[in-house]
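All remarks here apply to the structure that follows.
The values are calculated or read from the model by the stated rules, or taken from the named source; none is laboratory data. Keep in mind that this is a model prediction, so the values were computed, not measured. A quick note on method: Cβ atoms are made from the backbone with ideal geometry, for glycine too, and the neighbour counts reach across all protein chains shown.
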Amino acid sequence: MKKSKYRWIYIVAFIIVALSIVFLIFSAERLNGFVALDTASSDAKWLINQPIAHRGYHNKTTAPENSIESFHAAIKKGYAIELDVLLTKDNQVVVVHDNNLKRLTGNDVQIDQMYLEQVKQLTLFETDSTIPTLTEVLDFINGKVPILLEIKSSGLSHRLDELTYMQIKDYSGSIAIQSFNISSIRWFAKNAPDVTRGLLLRGNLGFDLANKFIDNLYMLYSKPNFVAYKYENLVKTDFAELRKNGLIVLGWTVSENMLNTREFVSHCDNIILEAE
C-alpha cells in the first residue's frame with residue numbers, strides 16, 4: 001500500500017516539475033511563432049502605415065459603430081476600417097460586435113437566434129442605421145480603404161470562418177482578418193493562407209511570465225502574420241525583438257489623439273483607434 005501511495009506522489013511531483021520546466025522555457029522569451037509578411041506587400045504596408053478606425057469612425061447619434069455611416073466617416077478620414085462579423089440563425093454573415101443586441105438596439109435578443117429578416121428590422125442606438133450584412137459592407141467600401149475584419153467566433157466550429165472566407169476571397173480591396181479565437185486563425189493558416197491573419201491578445205494575466213507563456217502557446221498554435229495587443233498591457237511588455245524579425249504589432253484600442261503624439265511607436269507599429 002505504501003509503495004502505491006509513494007508512486008503516485010512521485011508521479012504527481014514529476015508532472016509538476018515537468019510543467020514548471022515547460023512554463024519557464026516558454027516564458028523566458030517571446031518565441032517566433034508567426035509567419036512574417038513580405039515588408040513590400042500591400043497588406044504589410046497598410047497594416048503598418050494606415051491608422052485603423054475601431055468599428056468605423058463612429059458615434060451614437062449619426063454614425064453608430066459597425067454601421068454603413070461609420071464606415072463612410074472612416075473613409076472620409078482616410079482610415080482603414082476595423083469591423084466585426086457574427087452569424088445569424090440562417091447563417092448570414094452580419095457586421096456587428098455583440099451577439100446579444102440589448103446594448104446596441106435595446107432588444108434583449110441573441111443575433112444567432114434571429115433570422116436576417118428579423119435583424120434588419122432593428123435599428124442601432126435610436127438612429128435609422130441598421131445592422132449591415134458583410135456583403136453590403138464590402139460593396140460599400142469597395143476597396144476605398146483597407147478592412148481589418150474581426151471574426152467573433154468561439155469554440156471549434158468553423159462555420160463563420162468558412163462563410164466569411166467565401167465572401168472575402170474574391171474581394172478586390174485590401175483585407176485582413178483577426179480573431180481572439182486561435183482555432184479560427186489556425187483554420188485560415190491551413191485553409192486560406194493567402195488571407196493575412198492576425199491574433200488578438202489581451203495580456204491580462206497578472207505577471208509577465210504568464211502572459212509570455214500564453215502568448216507563445218497561442219502564436220505557435222495559430223501562426224499569425226501579425227498580433228493586435230491590448231495597448232494598456234502592451235506598454236508593459238516587449239515585442240521589440242519579434243518586430244525586428246518581421247512581426248507586425250498593432251495596439252488596441254487608443255485615442256485618436258495618439259496619432260499626434262506618436263507615443264505608440266516604441267511599443268507597436270500601428271494603432272486601432274477610437275473616434276474622439
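Observations, loosely collected:
- Among (1) at pLDDT 95 or above; (2) in a helix (DSSP H, G or I); (3) within 26 Å of Ile271 (Cβ to Cβ) - the single one Val145 does not satisfy: (2)
- Residue check, Leu247 exposed (fewer than 15 other Cβ atoms within 10 Å of the Cβ) and over 13 Å from the mean Cα position of the chain (by Cα): no
- Tally, over the range 148-176, of residues that are surrounded by 15 or more Cβ atoms within 10 Å (Cβ to Cβ) and modelled with pLDDT under 95: 1
- Tabulated pairs, the range 30-41, first among the hydrophobic types (A, V, I, L, M, F, W, C), second at pLDDT 95 or above and loosely packed, with under 14 Cβ neighbours inside 10 Å, C-beta under 7 angstrom, 6+ apart or interchain: Ala36/Asn245
- Among the residues of this structure, Ile271 counts as one that is at pLDDT 95 or above and within 27 Å of Glu136 (Cα to Cα).
- Sole residue being surrounded by 16 or more Cβ atoms within 10 Å (Cβ to Cβ), among the small types (Gly, Ala, Ser), under 30 Å from Ser20 (Cβ atoms) and touching a helix residue (DSSP H, G or I) at 6+ places or on another chain (Cβ under 9 Å), chosen from Ser222, Ser179, Ser184: Ser222
- Within the range 189-267, helices (runs of 4 or more DSSP H) holding 1 or more residues that are over 21 Å from Pro146 (Cβ atoms) and in contact with a Phe, Trp or Tyr (Cβ under 6 Å, 6 or more places away or on another chain): 208-222
- Among the residues making up the range 102-125, those that are in contact (Cβ under 8 Å) with a residue 24 or more places away in the chain, surrounded by 15 or more Cβ atoms within 10 Å (Cβ to Cβ) and assigned to a loop (DSSP other than H, G, I, E, B) are Met114, Leu124, Phe125.
- Failed condition for Thr237, given (1) at pLDDT 95 or above; (2) polar (S, T, N, Q); (3) surrounded by fewer than 21 Cβ atoms within 10 Å (Cβ to Cβ); (4) touching an Asp or Glu at 6+ places or on another chain (Cβ under 8 Å): (1)
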